[in-house]
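Asker: Here's a structure for you.
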Amino acid sequence: MNRFKTTAFFLVVAVALVSGCNCNNEQTNNASGNLMKDAEETIMTRTSIRSFTDRAVAADTVEMLLRAGMAAPTAVNKQPWHFVVIDDRATLDSLGGNGRQSQMWKESTLAIAVCGNMDKALEGPAQAFWVQDCSAATENILLAAHALGLGAVWTGCYPMEERMANVSQMLGLPETIVPLCVIVMGYPNEQPEPKDKWKPENVSHNAFDNKWQPTNTKRF
Ligand SMILES: Cc1cc2nc3c(=O)[nH]c(=O)nc-3n(C[C@H](O)[C@H](O)[C@H](O)COP(=O)(O)O)c2cc1C
(Lines give C-alpha, C1' and ligand atoms only; values in the text may rest on other atoms or scores of the structure.)
Protein backbone atom coordinates (compact mmCIF):
# COMPACT_ATOMS: atom_id res chain seq x y z
CA MET A 1 0.00 0.00 0.00
CA ASN A 2 2.82 2.39 0.95
CA ARG A 3 4.60 1.60 -2.26
CA PHE A 4 1.41 2.38 -4.18
CA LYS A 5 1.07 5.75 -2.40
CA THR A 6 4.71 6.68 -3.11
CA THR A 7 4.34 5.77 -6.78
CA ALA A 8 1.09 7.75 -7.03
CA PHE A 9 2.77 10.78 -5.41
CA PHE A 10 5.65 10.75 -7.87
CA LEU A 11 3.22 10.40 -10.76
CA VAL A 12 1.22 13.44 -9.60
CA VAL A 13 4.41 15.50 -9.20
CA ALA A 14 5.67 14.45 -12.63
CA VAL A 15 2.38 15.37 -14.32
CA ALA A 16 2.30 18.74 -12.49
CA LEU A 17 5.89 19.48 -13.56
CA VAL A 18 5.29 18.57 -17.17
CA SER A 19 2.04 20.52 -17.49
CA GLY A 20 3.33 23.55 -15.57
CA CYS A 21 6.70 23.78 -17.29
CA ASN A 22 6.90 26.37 -20.02
CA CYS A 23 10.67 26.72 -19.98
CA ASN A 24 11.57 30.19 -21.31
CA ASN A 25 8.33 30.25 -23.25
CA GLU A 26 9.70 27.56 -25.58
CA GLN A 27 7.27 24.96 -26.82
CA THR A 28 7.94 21.61 -25.22
CA ASN A 29 6.68 18.38 -26.63
CA ASN A 30 4.83 15.59 -24.94
CA ALA A 31 3.10 12.44 -26.07
CA SER A 32 -0.25 14.12 -26.78
CA GLY A 33 1.27 17.24 -28.30
CA ASN A 34 -1.22 19.34 -26.33
CA LEU A 35 1.25 22.18 -26.00
CA MET A 36 1.17 22.78 -29.75
CA LYS A 37 0.02 26.26 -30.69
CA ASP A 38 -3.37 26.42 -32.30
CA ALA A 39 -3.55 25.84 -36.05
CA GLU A 40 -4.04 29.41 -37.25
CA GLU A 41 -1.20 30.83 -35.20
CA THR A 42 1.09 28.01 -36.24
CA ILE A 43 0.32 28.42 -39.95
CA MET A 44 0.53 32.21 -40.01
CA THR A 45 3.72 32.54 -37.95
CA ARG A 46 5.76 29.77 -39.60
CA THR A 47 8.67 31.07 -41.60
CA SER A 48 11.83 29.49 -42.96
CA ILE A 49 14.66 29.37 -40.41
CA ARG A 50 18.23 29.05 -41.67
CA SER A 51 20.32 29.54 -38.52
CA PHE A 52 20.31 27.14 -35.58
CA THR A 53 21.72 26.75 -32.05
CA ASP A 54 23.70 23.63 -31.13
CA ARG A 55 20.83 22.19 -29.05
CA ALA A 56 20.07 18.64 -30.15
CA VAL A 57 16.54 17.52 -31.02
CA ALA A 58 15.26 14.78 -28.70
CA ALA A 59 14.17 11.41 -30.11
CA ASP A 60 10.52 11.83 -29.04
CA THR A 61 10.40 15.20 -30.83
CA VAL A 62 11.74 13.56 -33.98
CA GLU A 63 8.99 10.95 -33.71
CA MET A 64 6.34 13.67 -33.41
CA LEU A 65 7.67 15.27 -36.60
CA LEU A 66 7.50 11.95 -38.43
CA ARG A 67 3.99 11.27 -37.13
CA ALA A 68 2.93 14.71 -38.40
CA GLY A 69 4.41 13.92 -41.82
CA MET A 70 2.67 10.56 -42.05
CA ALA A 71 -0.67 12.14 -41.06
CA ALA A 72 -0.79 13.97 -44.41
CA PRO A 73 -3.39 13.10 -47.04
CA THR A 74 -2.25 11.00 -50.02
CA ALA A 75 -3.93 10.01 -53.28
CA VAL A 76 -5.83 6.71 -52.74
CA ASN A 77 -4.20 6.67 -49.28
CA LYS A 78 -1.09 5.11 -50.86
CA GLN A 79 1.35 6.81 -48.43
CA PRO A 80 4.08 6.44 -51.07
CA TRP A 81 6.87 7.85 -48.97
CA HIS A 82 10.02 7.14 -47.04
CA PHE A 83 11.63 9.47 -44.51
CA VAL A 84 15.36 9.49 -43.83
CA VAL A 85 16.22 11.04 -40.46
CA ILE A 86 19.70 12.57 -40.48
CA ASP A 87 21.36 13.55 -37.22
CA ASP A 88 24.91 12.50 -38.04
CA ARG A 89 27.18 15.57 -38.04
CA ALA A 90 29.34 14.48 -40.97
CA THR A 91 26.30 13.63 -43.12
CA LEU A 92 24.60 16.97 -42.37
CA ASP A 93 27.80 18.81 -43.25
CA SER A 94 28.33 16.92 -46.48
CA LEU A 95 24.71 17.46 -47.57
CA GLY A 96 25.41 21.19 -47.32
CA GLY A 97 28.51 20.88 -49.49
CA ASN A 98 30.56 24.03 -50.04
CA GLY A 99 27.78 26.09 -51.54
CA ARG A 100 26.21 29.33 -50.35
CA GLN A 101 24.05 27.49 -47.82
CA SER A 102 26.78 25.32 -46.28
CA GLN A 103 26.77 27.34 -43.03
CA MET A 104 23.07 26.64 -42.52
CA TRP A 105 23.72 22.91 -42.81
CA LYS A 106 26.72 23.11 -40.46
CA GLU A 107 24.52 24.72 -37.81
CA SER A 108 21.64 22.27 -38.27
CA THR A 109 21.25 19.42 -35.80
CA LEU A 110 18.63 17.44 -37.68
CA ALA A 111 17.35 16.95 -41.21
CA ILE A 112 14.60 14.80 -42.66
CA ALA A 113 14.79 13.76 -46.29
CA VAL A 114 11.23 13.33 -47.57
CA CYS A 115 11.33 10.79 -50.38
CA GLY A 116 8.82 9.21 -52.74
CA ASN A 117 8.73 5.41 -52.66
CA MET A 118 7.98 4.33 -56.23
CA ASP A 119 7.21 0.78 -55.06
CA LYS A 120 4.25 2.21 -53.15
CA ALA A 121 3.17 4.87 -55.65
CA LEU A 122 0.18 4.60 -58.00
CA GLU A 123 0.67 3.16 -61.49
CA GLY A 124 0.68 5.09 -64.80
CA PRO A 125 0.14 8.87 -65.00
CA ALA A 126 -1.19 8.86 -61.42
CA GLN A 127 2.29 7.91 -60.24
CA ALA A 128 3.11 11.64 -60.30
CA PHE A 129 0.77 12.16 -57.34
CA TRP A 130 3.73 11.11 -55.15
CA VAL A 131 5.04 14.68 -55.46
CA GLN A 132 1.86 16.14 -53.98
CA ASP A 133 1.67 13.41 -51.32
CA CYS A 134 5.23 14.06 -50.18
CA SER A 135 4.74 17.84 -50.37
CA ALA A 136 1.75 17.54 -48.03
CA ALA A 137 3.91 15.51 -45.63
CA THR A 138 6.66 18.10 -45.87
CA GLU A 139 4.35 20.99 -44.97
CA ASN A 140 2.96 18.99 -42.04
CA ILE A 141 6.50 18.48 -40.75
CA LEU A 142 7.35 22.18 -41.19
CA LEU A 143 4.25 23.19 -39.22
CA ALA A 144 4.84 20.61 -36.50
CA ALA A 145 8.46 21.74 -36.20
CA HIS A 146 7.35 25.34 -35.75
CA ALA A 147 4.68 24.37 -33.21
CA LEU A 148 7.33 22.49 -31.22
CA GLY A 149 9.68 25.50 -31.10
CA LEU A 150 12.02 24.21 -33.79
CA GLY A 151 13.17 26.13 -36.86
CA ALA A 152 13.10 24.49 -40.29
CA VAL A 153 13.53 25.12 -43.98
CA TRP A 154 12.46 23.08 -47.02
CA THR A 155 15.41 22.53 -49.38
CA GLY A 156 14.33 21.26 -52.75
CA CYS A 157 15.70 18.19 -54.57
CA TYR A 158 13.08 16.97 -57.08
CA PRO A 159 13.02 17.76 -60.01
CA MET A 160 16.65 19.01 -60.03
CA GLU A 161 18.56 15.98 -61.37
CA GLU A 162 21.97 16.91 -59.96
CA ARG A 163 20.65 17.63 -56.48
CA MET A 164 18.62 14.40 -56.50
CA ALA A 165 21.68 12.41 -57.56
CA ASN A 166 23.86 13.98 -54.84
CA VAL A 167 21.32 13.40 -52.06
CA SER A 168 20.60 9.85 -53.27
CA GLN A 169 24.29 9.04 -53.29
CA MET A 170 25.00 10.55 -49.85
CA LEU A 171 22.01 8.81 -48.24
CA GLY A 172 22.47 5.53 -50.10
CA LEU A 173 18.96 5.64 -51.57
CA PRO A 174 17.94 2.75 -53.85
CA GLU A 175 16.56 3.54 -57.35
CA THR A 176 12.94 3.35 -56.19
CA ILE A 177 13.36 5.96 -53.41
CA VAL A 178 13.31 9.47 -54.91
CA PRO A 179 14.21 12.50 -52.76
CA LEU A 180 11.62 15.29 -52.97
CA CYS A 181 13.35 17.56 -50.48
CA VAL A 182 15.43 17.67 -47.34
CA ILE A 183 14.00 19.61 -44.39
CA VAL A 184 16.90 21.22 -42.50
CA MET A 185 16.14 21.75 -38.81
CA GLY A 186 17.32 22.71 -35.37
CA TYR A 187 16.42 25.10 -32.58
CA PRO A 188 16.26 28.61 -34.08
CA ASN A 189 19.13 31.07 -33.76
CA GLU A 190 17.26 33.81 -35.65
CA GLN A 191 13.76 35.25 -35.53
CA PRO A 192 12.81 36.50 -39.00
CA GLU A 193 9.37 38.08 -39.41
CA PRO A 194 6.91 35.83 -41.25
CA LYS A 195 6.21 37.20 -44.73
CA ASP A 196 2.78 38.65 -45.47
CA LYS A 197 1.77 36.82 -48.67
CA TRP A 198 -1.92 37.76 -48.73
CA LYS A 199 -2.75 38.90 -52.31
CA PRO A 200 -6.47 39.14 -53.09
CA GLU A 201 -5.68 39.33 -56.83
CA ASN A 202 -4.61 35.67 -56.64
CA VAL A 203 -8.19 34.67 -55.92
CA SER A 204 -11.24 34.32 -58.19
CA HIS A 205 -14.73 33.38 -57.15
CA ASN A 206 -16.68 30.73 -59.08
CA ALA A 207 -14.79 31.42 -62.34
CA PHE A 208 -11.53 33.08 -63.37
CA ASP A 209 -12.17 36.82 -63.21
CA ASN A 210 -9.20 38.53 -64.93
CA LYS A 211 -8.05 40.65 -62.00
CA TRP A 212 -4.70 39.19 -62.92
CA GLN A 213 -4.16 39.34 -66.69
CA PRO A 214 -3.15 35.95 -68.13
CA THR A 215 -0.46 35.95 -70.84
CA ASN A 216 -2.42 33.30 -72.75
CA THR A 217 0.77 31.59 -73.94
CA LYS A 218 0.58 27.83 -73.59
CA ARG A 219 2.82 26.88 -70.67
CA PHE A 220 1.42 23.55 -69.60
C1 LIG B 1 10.09 23.49 -53.45
C2 LIG B 1 10.85 24.39 -52.50
C3 LIG B 1 12.23 24.40 -52.55
C4 LIG B 1 12.96 25.23 -51.67
N5 LIG B 1 14.32 25.17 -51.67
C6 LIG B 1 15.02 25.95 -50.81
C7 LIG B 1 16.44 25.86 -50.74
O8 LIG B 1 17.08 25.09 -51.46
N9 LIG B 1 17.09 26.65 -49.85
C10 LIG B 1 16.40 27.51 -49.01
O11 LIG B 1 17.04 28.21 -48.22
N12 LIG B 1 15.06 27.60 -49.04
C13 LIG B 1 14.35 26.84 -49.90
N14 LIG B 1 12.98 26.88 -49.89
C15 LIG B 1 12.28 27.76 -48.95
C16 LIG B 1 11.75 29.01 -49.66
O17 LIG B 1 12.82 29.85 -50.03
C18 LIG B 1 10.79 29.74 -48.71
O19 LIG B 1 9.74 28.88 -48.32
C20 LIG B 1 10.21 30.99 -49.37
O21 LIG B 1 11.21 31.95 -49.57
C22 LIG B 1 9.09 31.60 -48.54
O23 LIG B 1 9.57 31.94 -47.26
P24 LIG B 1 8.91 31.34 -45.92
O25 LIG B 1 9.14 29.87 -45.90
O26 LIG B 1 9.68 32.03 -44.81
O27 LIG B 1 7.47 31.69 -45.91
C28 LIG B 1 12.25 26.06 -50.75
C29 LIG B 1 10.85 26.00 -50.70
C30 LIG B 1 10.15 25.16 -51.54
C31 LIG B 1 8.63 25.07 -51.41
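The values are calculated or read from the model by the stated rules, or taken from the named source; none is laboratory data. All values reported here derive from a predicted model rather than from experimental measurement. Quick reminder, even Gly has a Cβ in these numbers, built from the backbone with ideal geometry, and neighbours come from all protein chains shown.
Asker: Looking at Ala111, Ala136, Ala144, which is the one that is among the hydrophobic types (A, V, I, L, M, F, W, C), modelled with pLDDT of 95 or more and more than 14 Å from the ligand (Cβ to nearest atom)?
Answerer: None of the other options fit; the residue is Ala144.
Asker: Residues in segment 81-106 that are of a type in the set (Val, Ile, Thr) and either within 15 Å of the ligand (Cβ to nearest atom) or over 20 Å from the mean Cα position of the chain (by Cα) (or both): how many?
Answerer: Matching residues across segment 81-106 total 0.
Asker: Name, by its number, the condition in (1) loosely packed, with under 10 Cβ neighbours inside 10 Å; (2) away from the ligand (no atom under 15 Å from the Cβ) that does not hold for Lys195.
Answerer: Lys195 satisfies every listed condition except (2).
Asker: Could you grab the pairs with beta carbons closer than 7 Å, sequence gap of 6+ or different chains, first residue in segment 188-201 and over 22 Å from Gln213 (Cα atoms) and of a type outside the set (Ser, Thr, Tyr), second one outside any loop (DSSP other than H, G, I, E, B) and modelled with pLDDT of 95 or more?
Answerer: Pro188/Phe52; Pro188/Gly151; Asn189/Phe52; Asn189/Glu107; Pro194/Met44; Pro194/Thr45
Asker: Can you tell me which of (1) farther than 29 Å from Glu63 by Cα; (2) surrounded by 12 or more Cβ atoms within 10 Å (Cβ to Cβ); (3) not hydrophobic (A, V, I, L, M, F, W, C) is the one Tyr187 doesn't meet?
Answerer: Unmet condition: (1).
Asker: Looking only at segment 151-162, decide whether some residue is assigned to a helix (DSSP H, G or I), of a type in the set (Asp, Glu), more than 14 Å from the ligand (Cβ to nearest atom) and closer than 29 Å to Asp38 by Cβ.
Answerer: no
Asker: Residue under question is Asp87, and the condition is that it be under 21 Å from Ala147 (Cβ atoms) and either of a type in the set (A, V, I, L, M) or modelled with pLDDT of 95 or more (or both); does it hold?
Answerer: The answer is yes for Asp87.
Asker: Let me spell it out: the conditions are (1) among the small types (Gly, Ala, Ser); (2) more than 25 Å from Ile43 (Cβ to Cβ); (3) more than 16 Å from the ligand (Cβ to nearest atom), and Ala128 meets all of them except one. Which number is the exception?
Answerer: (3)
Asker: Would you pick out the residues in segment 122-143 that are over 15 Å from Val184 (Cβ atoms), in contact with a helix residue (DSSP H, G or I) (Cβ under 7 Å, 6 or more places away or on another chain) and crowded, with 23+ Cβ neighbours inside 10 Å?
Answerer: Asp133, Ala137
Asker: Any residue in segment 199-209 that is in a loop (DSSP other than H, G, I, E, B), exposed (fewer than 10 other Cβ atoms within 10 Å of the Cβ) and either among the polar types (S, T, N, Q) or within 16 Å of the ligand (Cβ to nearest atom) (or both)?
Answerer: Yes, there is a match, as at least one residue in segment 199-209 is in a loop (DSSP other than H, G, I, E, B), exposed (fewer than 10 other Cβ atoms within 10 Å of the Cβ) and either among the polar types (S, T, N, Q) or within 16 Å of the ligand (Cβ to nearest atom) (or both).
Asker: A follow-up question, please. Among the candidates Asp209, Asp196, Asp119, Asp133, which residue alone is of a type in the set (D, E, K, R) and within 14 Å of the chain's Cα centre (by Cα)?
Answerer: Asp133
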